[in-house]
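Novice: Before I ask anything, let me first share the structure, which is written out below as structure tokens.
The values are calculated or read from the model by the stated rules, or taken from the named source; none is laboratory data. Quantities reported herein were computed from a predicted structural model and do not represent experimental measurements. Methodologically, a virtual Cβ is constructed for each residue, glycine included, from the backbone with ideal geometry; neighbour enumeration extends over all protein chains shown. For accessibility, only protein heavy atoms count, side chains too; no ligands or nucleic acids. Shrake-Rupley method; radii C 1.70, N 1.55, O 1.52, S 1.80 Å.
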Amino acid sequence: MAIHATPPLCPASCGSAGAREITGCRFSLYPLTDRFVDIILEAVSSVDTTKVWHHTDHLSTVYRGKRIHVLDAVKACFIRVWQPDVHMCMEATISRGCPGDVEADAYLAEDDGLLNEPGIKDRHFTASCKISLYPMGREDYMLHIARIVELAREYGVYAGPGHYVTMLEGDVQALFTYLDAATLYCDQNLDHYIL
């Protein structure tokens, strides 16, 4: 086994040293309708991304910066893409701690005022969710996974176990409140995680 004095190169081609406190989320939206392009583009363009680095390509969107602003933007996009007559899915990967994550480090200086929350805090609908936590480089990873599951119970969104996932269900506001608590726990206890 090799021991590195400096952080190893990231296999995702993001380099070898960077601002490990950057949170990133890559997500894809799937409204099941022939109007999917318009629905997705309208939702993405409606989000105030002033406080996050962002990029949309033909497969997904990425938001990167401070954890609270990344979650604020993701929540806004999810809420704004939802329509009562359209079945819609979002597949998202949240990550923090990649050794080479530097491209959004300027956004870490932003204040904590949320830009999207005032316009979405009163929107309510029920959503289902599946989560899997991957604490990177930790022998005690199961302790952290168990804590994330316990947090889901505490926040009232736990819907049961599944193969390779934990199922969640509840009001969209409650689910994102839980995701805020879960990612805060990860920030405080894990150097590198993927959710």
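Novice: So how far apart, in nm, are the two label points at Cys89 and Glu117 if each is 7 Å from Cα heading toward Cβ?
Specialist: 3.1
Novice: In addition: Taking a cut-off of 18 Å between Cα atoms, list the lysines near Lys51, but don't count ones fewer than 8 places away on the same chain.
Specialist: Lys66, Lys75
Novice: Past the 15 angstrom mark, what percentage of all C-alpha to C-alpha distances in region 61-102 do you count?
Specialist: Looking at region 61-102, the distances longer than 15 Å represent 50 percent of pairs.
Novice: How large is log10 I(q)/I(0) at q = 0.14, 0.18, 0.26 Å⁻¹ when the Debye formula is applied to the Cα atoms of region 37-121, each weighted equally and without solvent?
Specialist: Debye curve over Cα of region 37-121, log10 I(q)/I(0) at q = 0.14, 0.18, 0.26 Å⁻¹: -0.49, -0.79, -1.45.
Novice: If I model region 119-179 as equal point scatterers sitting on the Cα atoms and use the Debye formula, what is log10 I(q)/I(0) at q = 0.21 Å⁻¹?
Specialist: Results for region 119-179 at q = 0.21 Å⁻¹ read -0.81.
Novice: Report, in debye and to the nearest 20, how large the dipole of the chain comes out about its Cα centre when Lys and Arg carry +1 and Asp and Glu carry -1 on their Cβ.
Specialist: Roughly 260 debye for the chain.
Novice: Separation of region 136-195 and region 38-76 by C-alpha centroid, Å?
Specialist: Centre-to-centre distance over Cα atoms comes out at 22 Å.
Novice: Given the whole protein assembly as supplied and a 1.4 Å probe, what does the accessible area of Ser45 come to in Å², nearest 10?
Specialist: Surface accessible to solvent at Ser45 totals approximately 90 Å².
Novice: Something else about it: Order the following by accessible area, largest value first: Leu29, Leu41. Probe radius 1.4 Å; ligands, DNA and RNA are ignored.
Specialist: Leu41, Leu29
Novice: Can you give the Kirkwood hydrodynamic radius of the chain from its Cα pairs, in Å with one decimal?
Specialist: In the chain this quantity evaluates to 17.6 Å.
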